[in-house]
Every structure is written in structure tokens, then in C-alpha cells.
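Inspection log for the structure reproduced underneath, given as C-alpha cells.
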Amino acid sequence: MASLVGAVAFLPFLRGTVSGASLYFRDLALYFLPLRRLALDGLRSGELRFWNPYLHEGVPLSLPAVGYPVDLLQLLRPDEAGISLVLALHVPLAAVGFYALARGLLEAPASAAAGGALVYALGGFVLSTVNLYVYLEAAAWAPLVVLVLARAMTSGSARAVAGAALAVGIALTTTGVEIVAQAVAVGLVLGLRPARDTSAETGSSPRGGRPVRALGGAGAALTLGSLLAAPVLVLLASQLGGSVRSQGFETDVVLAHSVHPFTLVQVVVAGLYGNLANLAGEWWGQNFFPRGFPYILSLYLGPAALALAGVGATVRHALRWRLVLLGLAGLVLCVGRWAGLAAAVDALPALSAFRYPVKAFFTVHLALALLVALGLSHLASAECRWWARLATGAGALGGLLTLAPLLPHVAPASVDAFAAAFFPPGFDPGTRTVLLHRVLVDAAIGGAVALAVAAVAGLAHRRTLPSSRAALLVVAMVAADLLRAGSGLNPMVDGSFFRPSPELAAELGFLRKGRVFTCSFDESRGYREARAARGAAHETWTFQVALETLTPAFNVPLRVSTALSPDLTMLVPEDRVLSPADATCHDLETILPRLRRAGVHAIVSVDPLAHPALEPRGILFPGRLAPLRVHLYRLRAPLPLVRVASGVVPVEGAPETGGAPGRVVGRRAGTDRLEIEVQADAPATLVVRDGWASGWRAWVDGAPTPVRPVDGRHRGVAVPAGASGVVMRYRPPHLVPSLVTSAVALVVLVGLLRRRRPGPTAGRPPTG
């Protein structure tokens, strides 16, 4: 059954992966895939990369090739299609993990565990995390984390603690910390058992130590798991500490992407806000999301699954109320600002490091999936009353939703008032009518599935249909509904999507000579006009624009170095962040000094630029972007990326003027290693316009030499007069101690796994 569940969960990706297509939507193409390519290419060539010289003047690589062990499978095919395949396999992994959770924790029969597993893996939240990469990987391991952590608390055995530590450690290496934290919280709540009387006959007092021992076992597992993942956690902490995120966010930013109460309707209406693949013409959710589209693409579970969860919430089970309360707690958190959490963020500054309360819907999603499995467990028991409850709940929900298309005819004034309130101002009335009709039809389809489930439940209630067959039919219908709703959440493209146009490829030689600055295209007049001219543009075109304009991180696979960005996703150091207004190049005079200090020699812009410092190089007309044009400029008198500065450069700054007391006679570069031959007329400072970080070390003629920050952001090394050979190498701070810590934790883990439970003759009397 577990294999079947995994196979069904992979169906959304089957056609694409067979044809060699790749996932691309949103953060996958903009962030994760380019960085994975950089790390994997290095590993295949024998280079373990921790530094990314192509983004933001050089930053630590946020997704190194080693860390999360499952990602090493991507070495078998380190292109976008291969990376996508390994990522997509985490959806069936999530299903199989939940199947084990339902079987082990709820003791659910196979059909019930399968139903809950498919709801979990194919539900909107988990499928939405595919484009968020690390959150999908964390969600795949979350059910196992819950299971083994609960077992460690109830059993207390060394092996149970070791198993929980291993699962927690692997989950933490995904770096999807917010999801792992929620899984740990759920495991703690479900695993904690109340103290019990030792003996009613002897009249002894209750065993008060059980909760303490349970929490002790959980603490040991979490501590050991964290130590196992120490290298990854240390890397993550060092990157966060050096970025703008370490300063925290304003309350409005923290609570952005709070789930609007109306958005909760999406749990039963998949297409509530239209088509995400066409934001310009078929999406009307701009009023509900800060940037016009959601962070989590879908919350859909379907009315049939919700009715099953309702049955699970009414059965007699030790964990029923805990699951209900967990779901409600997650709901309050994900509603965020609408639940008054702004005061909590203001009162607790630590919360300012975390964004997007919608992530807390994971707890709701997990709790509802467990309630589905619990409900199916009782339905399979052949008790008629449970089938009657399902028939009532599914019939009521299904009946209401199937009548939705009649609303414009039955209550046209109410529908018009709704549309006026919820559609963006100025939305075309004709398009509005069409989209609203689609939403109502989508609601009716989900309702029809619920009615079909209600019909099956009615047959089972009358014993016309055996409960076992009825349960399987219900599971199949729920899975079919989820596959229908989730089919468009993760579109795929062929390999040509990631290759630059011939026009851009012809300029790569010039672009690689220095550092490039890309004017943000999404607010440019040329982009808006071109998009309007295309009509209903598919979002793939927008991603193609990002690639052709070298928008970070599309520049990474092309090995073109960029400087400065308004993007916070990349863990950008504070001094390398521009305001969105500056990034659009509306005031070029203001940012030109920063561009020069960053070693920029070329500027790419959609809109034409006019400035004495810029020399037009040409206009690119990539056919895939028609009618958009891309302007390319050379910055006159660019500063070199590597230079020799007079004297010993101060830590806080370096003069850009003055004589050059030497020259660079040779250079050989890698990502984490730089070898330079210098000829200096007098003691001087070798300045490299690449990011400074505490992990950089230098040797001058084999002698260790301090690496100092120059101009606050670049690297400088003192060199003597004459010819010198300089070697710079980057290793993340505290990497070696964290590796030692992880190795020691692994030894402890193996010892716990090899430890045998004492038998009857070894310290315990035999039991009857």
C-alpha cells in the first residue's frame, strides 16, 4: 500500500519528468535551481564550493552541495531536469512518511493511512512548497519527525531516542527550519502522555515522573539531532548573521502574507482567485496579497477531505482533541494580523526575524490530514453511524458548493456587490464576469466530488456497499479531486527555457570581463508596454525576461558576476542592497558611485539610459521576448576588479585615487580560491573587489596574512615590495568544529542504536 500511495503522489510530475522537463515556477528558477547548479557543477569537478562570486559582489553560497544528504542524488544528473526530479520525488516521500505516521501513531488501517497520506502529500499546502524547495524537503520529513519524536517520548528507549535524533537531524539539514519547528511542536504535543497510577490495589501515588521522562527523551533527541546537523546550522547562522535579515523586519513585513479570513474559503474552492499562470489577465487576488500573488499558492484540501476530517474530529480517540487544538492554534497563527498578532511581534523582538504567517498553515494542514486518517479508520470499522456522519457532512458541503453557479441568477445583486468589493479596482467588467463564473464552476466541481462521497457513504450506511470497498472508493475520489486541483500549481518547461538567447550568448564574453549591474525590469516602462502588447502573457515570458536581463540569480549559470540588488531572498549583506527605486535606475547619478566601487563595467536595462558615464554597446532583440528590447551599456573608465593600492589600506576604507605602486601580473580564480601574482614597487595592499567575509584566509608567499575589509565590503591583503604570490581561500567560519561536533554526535547515535534493551535476567524481574 505504501508503494501505491507513493506512486499516486508522483502523478502530478510523471509526464514532465518522463519527457525531461524541469520545474521552474517562482523561487525555483529565481533562486534555488541556479544555486544548486553552481554547487553541483563544483562537486562534479572535484571542488567543494562554499562561496558564490557571481551574486552581490560575492556572498557565501546558501545551498552548498553537501548538507542535506538526499540532494546528493542530483549528482547523477546535475541539470535543471535532474534537480527537479529529485525535488519532485519528495512529494511521494511525504506521502510514504505520512502513511507510516498514521499507521504507527494512530494505528490506522492501510486504507485509512493511505487516504490521509494522499491528502497530506497532494493537498494544496505541500504542493505549493515545491517552488520553495527547502520547505518541500522539510515537509517530506515532517511526518517521520512527528512519529519518531512521539515514540521517543512514549518509549524512552535509547533506540527510540536515536531514531528521533536521526530524523530531526536529516530534517534540519534541509534548512526548512519553520516547517521542522512546527513538526517538532506537533510531535511534542502528540507524544506527551499524562501520568498514570502505578497500582490501584496498593494505593500508591501516581507516577509523576512520566511527563518528565518523556520531555527528557524529547530533549535528548532534539539535542542530538541538532548536533548531527551542526555544519548546516552553522552555515545558515553565519549567512543570516551577515545579511540584512539579521536586523529583523518591521512588523508590517513580518505579518505580510497573513492569511486573510476570506482566503480560508480556498480550503474548499481551489480556483478561488483565478489562474496564477496568468497574473495579468486571469488573476484577481491582488487585494489579498502584498505583492499581488500568494506566498503559498494554494490551501486546497477539498470539501470531501474536510468532511472526512470532520468525522475524525468527532470520534473517540486519545489524540482527537489534541489534533483539533493543534489545527486551531495553527489557524490563529497563520491568520496573523487579522488575529491581532501585531502586538505579539512588537512585544517579542525575536519574532521579527520570521516572515509570512501563512507558513503556520502547515500545522493546520498536518492536523487535518491526521483527522482524515482518523475518520477513515472508523469508517473502515463498518459502524454505520460514522458513514451517516460522513454522508451528512459531505452532502451539506457538496450541496452548497454545487449550487454556486446559480448564485448570479438567484441573487445577482449580492454577486455584484461581492465582485465590486473583492475584485481589484478598474478590473474589466467583462473579464470579471468570466472569472467569477470560473470560480463558481470550480466550487461546483469540488462540491460534486463531495456529493459523490456522500452517495458512497449512504450506500455504506445502508450496508449496500461493504465498508472496506466504500472506504477505498472515498479515498480514490478524494485523491482524484486533489490531483485535479493541484495539476497547475507546478508547471514544467523543457531544457531550452534555461538557455540564453543567441543574442545574449553573443555578449557573454564581454559581460564576463567585469561585474554587471541589472536595472530591475518589473517596474520599467518598456516591460509594462511589452507585456500589454502581448495580451494575456503567460508567466514563462516573465521568467524569460528575467533571464535575458541577467536578473539575479539567472546570471549564476551563465557565470556572469553581478553587483547590488534589492532582493532580500539571497541573504544579501546590508551594504549591498539597493532600494527598489534605485534598482530601477530612475536616478542613475545617485547609484553610479556605488556601481563603480563594486567594479561594475556593464549595465543592462530594459528602458534606455542616458548618462555621460555610459557608452551604448547595443540593443538586443531576443526573439523570445518580442516586442521587448534589452539595452546594453559599457561604463566608461571602470575600476578594475583586482588592483594594487598605495600603502597599507585602512580597515574601514580605501582611497580610489592616487598612484598605482604596482600591477597584477597574473591571476587564476575559482569560486573559493584565488591565486594572484603581484609586482609592487613598495609595500602596498592588494585589493580584490569581491565580497569580504570572516571565512576568507590569505597567504603571501606561503606566509599567513590577515584579510581586511576594504571600503567596508571588499577584501584587501598587504603585500611587500617586489614580486609576490598571493593565495586567498574561503572556508565558512566554525566549519571544522561543527564537523567534529557532527562526527561525535554520529558516534553517539550509532552507540544508541547498537544498545540492546536489557532482558529479564539483566536487571529486571520477569513479568508474568
For the condition at pLDDT below 90, of a type in the set (Lys, Arg) and out of contact with any Gly (no Cβ under 6 Å at 6 or more places or on another chain), what is the one hit in Arg322, Arg291? Arg291
Matching option when the condition is surrounded by fewer than 19 Cβ atoms within 10 Å (Cβ to Cβ), assigned by TED's automatic domain parsing to the domain that holds Ala480 and either in contact with a His (Cβ under 8 Å, 6 or more places away or on another chain) or in a loop (DSSP other than H, G, I, E, B) (or both), among Pro290, Pro294: Pro290
When the range 1-19 is checked residue by residue, the ones that are of a type in the set (Val, Ile, Thr) and loosely packed, with under 14 Cβ neighbours inside 10 Å are Val18
Could you pull out the residue among Leu48, Leu55, Leu40 that is in contact (Cβ under 8 Å) with a residue 40 or more places away in the chain, touching a Pro at 6+ places or on another chain (Cβ under 6 Å) and in a loop (DSSP other than H, G, I, E, B)? Leu55
Over the range 41-76, the set of residues more than 25 Å from Val168 (Cβ to Cβ) and among the β-branched types (Val, Ile, Thr) is Val59
Taking the criterion of being under 37 Å from the mean Cα position of the chain (by Cα), assigned to a helix (DSSP H, G or I) and not aromatic (Phe, Trp, Tyr), would at least one residue in the range 420-427 satisfy it? yes
Go through Leu451, Leu401, Leu376, Leu435 for me and flag whichever is farther than 20 Å from Gly302 by Cβ, assigned to a helix (DSSP H, G or I) and aliphatic (A, V, I, L, M). Leu435
Using beta carbons and a limit of 7 Å, which pairs, at least six apart or on different chains, have the first residue in the range 386-397 and closer than 12 Å to Thr314 by Cα and the second one assigned to a helix (DSSP H, G or I) and aromatic (Phe, Trp, Tyr)? none
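One line per residue, one yes/no per condition, for (1) touching a Ser or Thr at 6+ places or on another chain (Cβ under 9 Å); (2) at pLDDT 85 or above; (3) at positive phi:
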{"position": "Thr154", "(1), (2), (3)": "no, yes, no"}
{"position": "Ala171", "(1), (2), (3)": "no, yes, no"}
{"position": "Gln182", "(1), (2), (3)": "yes, yes, no"}
{"position": "Val186", "(1), (2), (3)": "yes, yes, no"}
{"position": "Ser204", "(1), (2), (3)": "yes, no, no"}
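The values are calculated or read from the model by the stated rules, or taken from the named source; none is laboratory data. Given the structure is predicted, the values throughout are model-derived calculations rather than measurements. Methodologically, a virtual Cβ is constructed for each residue, glycine included, from the backbone with ideal geometry; neighbour enumeration extends over all protein chains shown.
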